[in-house]
Amino acid sequence: MKTKKRKHTLESEDLKGPVKQVRRLTYEVVKREQDYVPSVLSKHKFQNHLKNFDEQGMLTEELQFTIDGLGSRTTYNSADGRKKHQFYDDDNCIYQTSTHQNFYDEDGKIIQAVNETLSKGIVTKSISDWKYNEQRLTSEFISTTNGVVDSHRVFSYDDAGNQIVQYAYNKAGELEWKIENTYNEAGRC
């Protein structure tokens, strides 16, 4: 299994030129006469963003916040592709941390994602695994938390590579639901 660094770059963010920082603010709006106008900065913690990039254009940090304080801070390690998340409560104290890392095969397809979370003194380790068929389409997905299967999905495709069936199994391994897709002549659902 190989670790491949996901490109958190200016290009992947659709930015052009030497950008060091991007700030996106979301405002709540009020209706005045026939128009809606911005009023106050949104109170939702994850709608306002500040992204910082290094000299090579790699994303190094992302903050999500409200006018009252920080919601989360994510740092990116460009050496191994690992992300570290810190989540803040209303008193701006960290209440949860997590690290996330993806692993890829030689073709760049994700084969495993590992997430470790510390919250209220409890460590949770989640692992997601992907398997692919001969056409390099996802054939199976299994997600576990602390070694117990949370989600198990199996996928089938037609000769054109369109997904036709998805089966979902519960923790006991019993079929929980099934999705069937039908396509028209253009190959779309």
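The values are calculated or read from the model by the stated rules, or taken from the named source; none is laboratory data. Note that the structure is predicted; figures quoted are calculated from it, not measured. Counting neighbours? That spans all protein chains shown, and the Cβs are built from the backbone with ideal geometry, glycine included.
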What about N115, is it closer than 25 Å to K51 by Cβ and crowded, with 16+ Cβ neighbours inside 10 Å?
yes
Note on the range 106-157: residues acidic (D, E) and either in a strand (DSSP E or B) or within 17 Å of A172 (Cα to Cα) (or both) are E116, D129, E140, D150
Go through the range 152-173 and give me each residue that's in contact with a Phe, Trp or Tyr (Cβ under 7 Å, 6 or more places away or on another chain) and not β-branched (V, I, T).
H152, R153, N162, Q163, Q166, A168
Restricting attention to the range 146-160, and to residues there that are of a type in the set (A, V, I, L, M) and closer than 19 Å to A113 by Cα, which single residue is modelled with the highest pLDDT?
V154
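Quick check on K83: is it at pLDDT 85 or above and over 26 Å from T145 (Cα atoms)?
No; evaluated as a whole, the condition is false for this residue.
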Pull out all pairs, ordered by first then second residue, where Cβ-Cβ is under 9 Å, the residues are six or more apart or on different chains, the first lies in the range 76-93 and is outside any strand (DSSP E or B), and the second is among the basic types (K, R) and at pLDDT 85 or above.
N77/K83; N77/K84
